[in-house]
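The values are calculated or read from the model by the stated rules, or taken from the named source; none is laboratory data. Because the structure is predicted, anything quoted here is derived from the model rather than measured. All Cβ positions, even for glycine, are placed from backbone atoms using ideal geometry, and neighbour counts span all protein chains on display.
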Amino acid sequence: MFIYILSRIGQAVPVILTVTFIAFAMFAYVGDPVTIMLGQDYTEEQRQALIEALGLDQPFFVQYARFVANAVRGEFGLSYRLGRPVLSLIAERLPATLELSLVAAALALLVGVPMGVFTGLYRESWLSRAFLVFSLVGVSLPTFLIGILLILVFAVILGWLPSFGRGEVVVFGWWSTGLLTASGLKALILPSITLGLFQMTLIMRLVRAEMLEVLRTDYIKFARARGLSNRAVHFGHALKNTLVPVITITGLQLGAIVAFAIVTETVFQWPGMGLLFIQSVGYADIPVMSAYLMLIALMFVSINLIVDLLYYAVDPRLRVDRGRLGRTGV
Amino acid sequence: MPLLEVQELRVEFPTRRGVLTALDGVSFAIEAGEVLGVVGESGAGKSLTGAAVIGLLEPPGRVAGGQILLDGRRIDGLPYEQMRRIRGREIGAIFQDPLTTLNPLYTVGQQLAETMLTHLPVNPAEARRRAIRWLEDVGIPGAAQRIDAYPHEFSGGMRQRVVIALALCAEPRLVIADEPTTALDVSIQAQIITLLKGLCREHGTAIMLITHDMGVIAETADRVAVMYAGRIAEIGPVRDVIKHARHPYTVGLMGSIPSLSARVERLAQIDGAMPRLAAIPPGCAFHPRCGHAFARCKSERPELMDAGGSSRAACWLHAADSASAMVAGAPREARPGDARPGDARPGAARQGVADDAR
Amino acid sequence: MSAAPRSPGRLARLLDSDIAYSFLHSPVALPSALVALLCIGGALLAPWIAPHDPFDLAGLNLLDAFTPPVFMPEGRLGFLLGTDDQGRDLLSTIMHGARISLLVGFSAVLFAMTLGVAIGLLAGYVGGSLDAVLMRIADIKLTFPTILIALLIDGVVRAALPRELHDRVALPVVIFSIGFANWVQFARTVRGSTLVEKNKEYVQAARVIGLHPLRIMASHVLPNVLGPVLVIATLNLGFAILAEATLSFLGVGVPPTQPSLGTLIRIGNDFLFSGEWWITVFPGLALVTMVLSINLLGDWLRDALNPKLR
């Protein structure tokens, strides 16, 4: 078990290293940070001082090492656009994004998995067909359009729900939550549906496909031949085997939700990291972009680690080929 | 009353090019404790017959005619829940590939206990005790420890032993063993067959042994049914069928088995291939490949008929009104030197005739 | 193994094949193919069949701005779907926008396919450490969603190039970033098939007689993976179009001088609250119709090529 975790962490290291390298390369070579930070008027001395302060006169690997060391301590420099420390910018917006993502993920899982199981088991029923049509529409509707349509119907036409922002938030230390106020919860409904819908349909289709695959296996036929009840065959034998690959993909999808939040946050002007990121892309605010990139990578790697641990719990063989599981997503 | 009786079973597969008849007029019976071998080429309908009996035909396959009786009670077309109670409890099943038959995510103990808890009035502790005893009975060393092992921790042969335990643990009266040794190493095939037969004799369980291996049938079965193109070509006591095959197809099948006792220059072979389901010829399905075929074989389909001894064969050579044709030697002259019915092994012809006379 | 005979039965055989049967008898295949054809045809022929030329500044009249669609009380027959804030005919802009969307989608998929198939063949055929490295890169790439990668590439290009240049390279950059974000699926599928084919005897034989590896790959491995690659490509086309729309909606995709459907939706979004819903809804509807019909086709194709899934 211990060795297994270690090997998994070992596999995560190159991912993190690659990402920090890309982030550093962006930071160091894209655009000219000195010019951007100095603005219009500066003297050559100011310029030299800044170059030295930023360590840009150092050799490549020294700069990289310093960059990584700073990143570990949470120092990502100043935002070109806002002139404030990147860390505090991100910390302010992290709770909004995480709350939105978690609610959307829960929605996607709690609705998507049962729908997938149902459509896998009762392929011919009209409800299954309805779910499938729904899922195809869901996969074909871009997230931003779902958001716009929801706003049009529920905010503009019906006027039931707010169309932007987080509502009132309650602050605990550095964390702010919208889950404790009525307006915060109301504000969360449309964005979380928007963000969760696409993942929900993906999860449903995935669970269905896996379920059909598993139902064709010999061990399911044998379970039937042993006279086990439908319940035992479907929910004991079939579902458990379905879950093995589903956990992987779902894990990856949950990671994707955090990134997809970029779009949802733009549509709903949700004050999260995604909105910050998209504003930074427009402004070429490299420090914010590279910090965001590293943070997302860290989240994905952690999610992958959790997925691997779940795997360990579910599959005694631990040799299921994860590579064969393709992934689709925008 | 036989334990299992199959009458005029017909299985169809609707396809877009029309309905394919995969089994047509299959009739046989299995007595309690008896071992019935079912042989034939792949595609002859052996496995399909087994699947129909246990009620697990894969859709769109369906029983389209005939009856299946267990203890005289009709079991085809039973509601799913009633049939489920029969599966495992009355009729067990063993599949071909032990590597895929066991659920990889459950220990063998869990799978055994689950089966017994479904069918027998036992509590979990008792089920576990019995599971250990079953593993011992099927020859798993260290059963008390191995019961908590997962299938992937067993070798192929050991897994098939576990599958046998699973098939027998609810004490069914009939086991359908579909090619139980095909996927195994040759060296352990005999062990598995011996184990299966021994355990079934002990528990008085009948076996429907589906295989394409005549050797296994000869060793194990009491009676044998030979299938060809979705029909039974010949059925009878295993000694009769092997020594004095009555159907030209069986003769060919026997001729293609190497024998240690008789020296043969060349193994006999049957020309041509079994027809596809969509193109089964009229009359006797075997006639295009048969050296004895005559006019009637091309137009009229033979049903199983008494063919001497206790065997029954679906072949016009044995029809009372065709006897003259036999005597006249017409079919024989069709291809001189060919193996003849009752002439399974070269040199045994005369004895065969003598047996027929008895 | 032998080559298909060039008998006159070829067309007949195609019509008699399972694919053709499934196509003609599937409740979705034929209608969605028709809709997809209609969308693609309308988009490609936009310069010739669109009722107005939305880019002809001389033909624009601000007085026409915000005309509602024809079925509404103030609608006008000349503008079937109404006009936008600058008085451009919405139907025409949608047709032109779909053209850009399709151009980006097709090019991105083509790029992803070429890259993916090449990497997959290479990894599968050469194997060893090259395979390990390539698949590791694929893993790392898979860790990040397409949209994030595309955004990053776009952001970097934006930072690296002066603004004047940026608009000119925007289209290739979008194609590159979407394509680059999607090659992994192709690579994995092709690699898997290559590994299987590589060990077959005829490939071994071809090696023994000294055929060039490239030729073996092209003539033996490639035909075997064409089916799955086609399915992935079709399904990816839908995704690529959506990705482009999303990027354009976020304002980092195609330049505003060549508005795609995503750009139109973004522009319309500003007028959602003032009641001019059609400026957003119609381009959105066009986008969904196009992608849905392509996805339905892709789904059908996958099922038809893989009958055991049904």
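Summary of values
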| item | result |
| --- | --- |
| Matching residues in region B:99-129 - criterion: being polar (S, T, N, Q), crowded, with 23+ Cβ neighbours inside 10 Å and touching a Leu at 6+ places or on another chain (Cβ under 9 Å) | B:Thr101, B:Gln111, B:Thr115 |
| Given (1) surrounded by 23 or more Cβ atoms within 10 Å (Cβ to Cβ); (2) within 14 Å of chain B (Cβ to nearest Cβ); (3) in a helix (DSSP H, G or I); (4) without any contact (Cβ under 8 Å) to a residue 60 or more places away in the chain, number of the condition A:Leu228 does not satisfy | (3) |
| Criterion: assigned to a helix (DSSP H, G or I), more than 26 Å from A:Tyr311 (Cα to Cα) and of a type in the set (Ser, Thr, Tyr) - qualifying residue of A:Thr194, A:Thr201 | A:Thr194 |
| Single match in B:Leu199, B:Leu99 (criterion: assigned to a helix (DSSP H, G or I), in contact (Cβ under 8 Å) with a residue 40 or more places away in the chain and more than 11 Å from chain A (Cβ to nearest Cβ)) | B:Leu199 |
| Residue satisfying all of: in region A:193-202; of a type outside the set (Ser, Thr, Tyr) and over 18 Å from A:Thr97 (Cβ atoms); surrounded by the fewest Cβ atoms within 10 Å (Cβ to Cβ) among these | A:Leu202 |
| Qualifying positions in region C:120-171 - buried (at least 16 other Cβ atoms within 10 Å of the Cβ) and away from every other protein chain (no Cβ under 14 Å) | C:Leu121, C:Leu122, C:Tyr125, C:Leu171 |
| Options A:Ile189, A:Ile203; residue that is modelled with pLDDT of 85 or more, within 24 Å of the chain's Cα centre (by Cα) and either among the aromatic types (Phe, Trp, Tyr) or over 30 Å from A:Ala238 (Cα atoms) (or both) | A:Ile189 |
| Matching entry among B:Pro172, B:Pro237 (being out of contact with any helix residue (DSSP H, G or I) (no Cβ under 6 Å at 6 or more places or on another chain), of a type outside the set (Gly, Ala, Ser), more than 30 Å from B:Pro121 (Cβ to Cβ) and modelled with pLDDT of 90 or more) | B:Pro237 |
| Condition broken by B:Glu114, with the remaining ones in (1) among the acidic types (Asp, Glu); (2) assigned to a loop (DSSP other than H, G, I, E, B); (3) modelled with pLDDT of 90 or more satisfied | (2) |
| Residue, farthest from C:Ala286 (Cα to Cα), within region A:142-166, restricted to residues that are in a helix (DSSP H, G or I) and within 8 Å of chain C (Cβ to nearest Cβ) | A:Val156 |
| Answer from A:Leu239, A:Leu206 - the residue that is more than 13 Å from every other protein chain (Cβ to nearest Cβ), at negative phi and part of a helix (DSSP H, G or I) | A:Leu206 |
| Residue tally, condition surrounded by fewer than 19 Cβ atoms within 10 Å (Cβ to Cβ), part of a loop (DSSP other than H, G, I, E, B) and in contact with a helix residue (DSSP H, G or I) (Cβ under 7 Å, 6 or more places away or on another chain), over region B:130-150 | 3 |
| Of the criteria (1) in a loop (DSSP other than H, G, I, E, B); (2) surrounded by fewer than 24 Cβ atoms within 10 Å (Cβ to Cβ), which one B:Arg246 fails | (2) |
| Top-ranked residue of region B:151-187 - restricted to ones that are within 13 Å of chain A (Cβ to nearest Cβ) and part of a loop (DSSP other than H, G, I, E, B), ranked as farthest from B:Leu120 (Cα to Cα) | B:Ala183 |
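Okay, residues lined up against (1) within 30 Å of B:Ile94 (Cβ to Cβ); (2) out of contact with any helix residue (DSSP H, G or I) (no Cβ under 6 Å at 6 or more places or on another chain); (3) of a type in the set (Asp, Glu); (4) surrounded by fewer than 22 Cβ atoms within 10 Å (Cβ to Cβ):
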position	(1), (2), (3), (4)
A:Pro191	no, no, no, no
A:Met204	no, no, no, no
A:Glu213	yes, yes, yes, yes
A:His237	yes, no, no, no
A:Ile247	no, no, no, yes
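Let's see how each residue does on (1) out of contact with any strand residue (DSSP E or B) (no Cβ under 7 Å at 6 or more places or on another chain); (2) more than 17 Å from C:Gly105 (Cβ to Cβ); (3) surrounded by fewer than 17 Cβ atoms within 10 Å (Cβ to Cβ); (4) of a type in the set (A, V, I, L, M, F, W, C):
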{"position": "C:Val173", "(1), (2), (3), (4)": "yes, no, no, yes"}
{"position": "C:Ala187", "(1), (2), (3), (4)": "yes, yes, no, yes"}
{"position": "C:Gln204", "(1), (2), (3), (4)": "yes, yes, yes, no"}
{"position": "C:Ala218", "(1), (2), (3), (4)": "yes, yes, yes, yes"}
{"position": "C:Pro223", "(1), (2), (3), (4)": "yes, yes, yes, no"}
{"position": "C:Ala233", "(1), (2), (3), (4)": "yes, no, no, yes"}
{"position": "C:Leu237", "(1), (2), (3), (4)": "yes, no, no, yes"}
{"position": "C:Ser248", "(1), (2), (3), (4)": "yes, no, no, no"}
